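Please read the structure below before turning to the comments.
No lab work stands behind these numbers, since they all come straight from the coordinates. Here the structure is a predicted model, which is why all the values come from computation and not from measurement. Quick reminder, even Gly has a Cβ in these numbers, built from the backbone with ideal geometry, and neighbours come from all protein chains shown.
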Amino acid sequence: MSFFEFVSVYWPRLLTGTGITVAQFFLSAIFAVLLSLAFGLMKMSSNRAVKGFAVTYIEIFRGTSLLVQLYWIFFVLPLFGVTLEKFTAGYVAIAMNTGAYGAELVRGGILAVPKGQWEAATAINMSPAKRMWRIILPQALVNMLPPWGNLMIEVLKGTALVSLISVADLMFQAKQINASTYLSAQIFGTALIIYYILARFMLTPFMRWLEAFMSRKLGKA
Amino acid sequence: MEDMSAFPLEITGEDVPMVSFRKVRKAYGSLVVLDNLDLDVAAGEMVTIIGPSGSGKTTVLRMLMTLEQINGGVIYVDGQPLTHMSKGGTLVPANQRHLRKRRADIGMCFQHFNLFPHMTALENCMEGPVQVLGLPKAEARARSEELLELVGMIDKKDQHPSRLSGGQQQRVAIARALAMRPKVMLFDEVTSALDPEVIGEVTNVIRKLVSEHNLTMLMVTHQMGFARDISDRVCFFYDGKIEEQGKPADLFGNPKRERTQQFLSAVKEAV
């Protein structure tokens, strides 16, 4: 079977798989950003309990394997009465894991905003919350966009792990097709290409565009 | 613990000073930056602080803007305690709420301008009036444009700070501070980071403020000629204390203390 014949037969399953992968990626990415922001800010809190909570979260999710975390969320949490559907468990695990890395990026981005910006905001008597949202975070965001681009590619590639809890993503479909046809080179080769196209020709250009857009907003370009 | 009964809950009577430092102490660990500072600034007065670096000049302004905490004494603004608040008939350290209320009277310009880079000149000026004072946008815009006109920056109002020279940025920063309608303006070495040829455009704005507005101003500067021209009073700081103060003509023309003489002659040689 030639490669083109192969693709013409199996493209519907590859396409639905890719759709699930993209959905997993978007949901993971959105929740990861929210978790990063929340825990990055909490880690900078002067309240020791809040800070301790954030540090614990970051340590656990950054210090252990994503696959083990995924299995915990899908197989172990039900034993404690928390049952998530496999699709939900997939993106929740990836988001929790990525959020722990992202929290450090948020913290680093905020710390990189010059002290004078905090002082100028205080001098016009802004409340701490407004100072953070209107003055510090917009600038921190620009600082942290380049490392966020890398992290997003990690998220996309990380979504392949959800196939291990039977979420029918691209990797899952590839494994199924392989099991019934033994056309390993064709199917895993196609999967590689699809992941590469998603990362290299969709995600990376989008992050570049976002960086340029934000720099323009900052009046830097 | 300091005995707070020595400090009044508020300053009353005639001629209440706009700013009053009472036995203010500031130390970083064992390093004493300001030692029992007493300084009154009358309403509408322009006081310039000069002195060698490390003498605590900038710290005076930063404490007044509440960017630094004090370790002793009390600062009053317009008769009311700034660094403290009264509770049960005595003064206790101010909480955030009290600071926010009292800080509204004070505006500050910084050596490095510190404009918000993600906002245009106009947006920089409107940010405080809209977000802090809660003015309607149209009113904040009118007020900001009027002030940008005053500092000669109206034609650059839609530019971001990165497109402006240092002197232009500092003039926008002055407009931004004035847009909050403070009673007291603080100028912290506002010309120190500027190229020599643009210093004049900033000092001219400050001159205009002195002659046309009844603002109380405190300024830290290394420009002795400018200080001499526009100040009502000059304070020479040395080693965390006011070594000598007086009218500019007296202090520059006939300094009494040896350290003042040494400092002024050293500055003159540098020029």
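Going by a ≥ b ≥ c, the root eigenvalues of the Cα gyration tensor, does chain B fall in the rounded group (a/c under 1.5), the prolate group (a/b larger than b/c) or the oblate group?
Numbers: a/c = 1.88, a/b = 1.15, b/c = 1.64.
Taking the square roots of the gyration eigenvalues as a ≥ b ≥ c, chain B is oblate.
How large is the dipole of chain A about the Cα centre if only Lys and Arg carry +1 and Asp and Glu carry -1, each at its Cβ, rounded to the nearest 20 debye? Don't jump to the answer; show the numbers that get you there.
Values: 18 positive and 8 negative charges, 162 e Å.
Dipole about the Cα centre, nearest 20: 780 debye.
Please average, across the residues of B:188-199, the number of beta carbons from any other chain that are within 10 Å of each residue's own beta carbon, and give a whole number. Spell out each step's value before the answer.
Working: counts 1, 0, 0, 0, 0, 0, 0, 0, 0, 0, 0, 0.
Average per residue, whole number: 0.
Enter the mean number of other protein chain beta carbons within 10 Å of the beta carbon of each residue in B:124-132, as an integer.
Across B:124-132, the average partner-chain Cβ count within 10 Å equals 4.
Among A:Pro12, A:Ser215, A:Pro205, which residue has its Cα furthest toward the positive end of the charge dipole of region A:3-217, with +1 on Lys/Arg Cβ and -1 on Asp/Glu Cβ?
Farthest towards the positive pole: A:Ser215.
Rounding to the nearest 20 debye, state how big the charge dipole of chain B is about its Cα centre with +1 on each Lys and Arg Cβ and -1 on each Asp and Glu Cβ.
My answer is approximately 560 debye.
Relative contact order of chain B, please, whole-number percent, based on alpha carbon pairs below 8 angstrom and at least 6 residues apart.
For chain B, the relative contact order is 23 percent.
Run the paramagnetic zone check for B:Ser265: 7 angstrom along Cα to Cβ, then residues of region B:242-259 with backbone nitrogen under 18 Å.
B:244, B:251-259
Using a 10 Å cut-off on Cβ to Cβ distances, tally the other chain neighbours for every residue of A:115-122 and report the average as a whole number.
Partner Cβ neighbours, averaged per residue: 6.
Helix A:86-111 sits at what angle to the longest principal axis of chain A, using alpha carbons and giving 0 to 90 degrees rounded to 10?
30 degrees
Just need the relative contact order of region A:1-146 here, percent rounded to a whole number, with Cα pairs under 8 Å and 6+ apart.
Computed over region A:1-146, the figure is 29 percent.
With each run of n ≥ 4 DSSP H residues scored as -39500 (n - 2.57), what mean residue ellipticity at 222 nm is computed for chain B after dividing by its residue count and rounding to the nearest 500 deg cm²/dmol?
About -11000 deg cm²/dmol.
Taking neighbour Cβ counts within 10 Å as the exposure measure, how do B:Tyr76, B:Tyr28 sort from fewest upward?
So the residues, fewest neighbours to most, are B:Tyr28, B:Tyr76.
Relative to the present Cα-Cα distance, how much length would full extension add between A:Arg62 and A:Ile193 at 0.36 nm per residue of separation? Mind dumping the intermediate values first?
On the way: separation 131, 0.36 × 131 = 47.16 nm, distance 2.87 nm.
Stretched out fully, the A:Arg62 to A:Ile193 stretch lengthens by 44.3 nm.
Say R0 is 56 Å: what FRET efficiency, to the nearest 0.05, do B:Lys137 and B:Asn36 get from their beta-carbon distance?
Step by step, r from the Cβ atoms, then E = 0.75.
Residues of region A:179-199 with backbone nitrogen within less than 11 Å of a virtual label 7 Å along the Cα-to-Cβ line of A:Ser2, please, listed as ranges.
Within reach of a label on A:Ser2, which here means backbone N under 11 Å from a point 7 Å along Cα→Cβ, region A:179-199 contributes nothing.
Please state the shape class of region B:152-208: rounded when a/c is under 1.5, otherwise prolate if a/b exceeds b/c and oblate if not, all from the C-alpha gyration tensor.
It is oblate, given that a/c is not under 1.5 and a/b is not larger than b/c.
What size of dipole, in debye to the nearest 20, comes out for the protein assembly as shown about its Cα centre when the only charges are +1 on Lys and Arg C-beta atoms and -1 on Asp and Glu C-beta atoms?
1140 debye
Based solely on its DSSP helices, what 222 nm [θ] is calculated for chain A when runs of n ≥ 4 H residues each add -39,500 (n - 2.57) and the sum is averaged over all residues, nearest 500 deg cm²/dmol? If you can, show how the numbers build up before the last one.
On the way: 9 runs with 160 residues, N = 221.
Result for chain A, helices only: -24500 deg cm²/dmol.
What angle do you read, to the nearest 10 degrees and between 0 and 90, between the alpha-carbon axis of helix A:48-63 and the longest principal axis of chain A?
30 degrees
Which shape class applies to chain A: rounded if a/c is under 1.5, otherwise prolate when a/b exceeds b/c and oblate if not, where a ≥ b ≥ c are the square roots of the Cα gyration tensor eigenvalues?
oblate
Roughly how tilted is helix A:184-197, in degrees to the nearest 10 and between 0 and 90, from the longest Cα axis of chain A?
The helix A:184-197 is inclined about 30 degrees to chain A.
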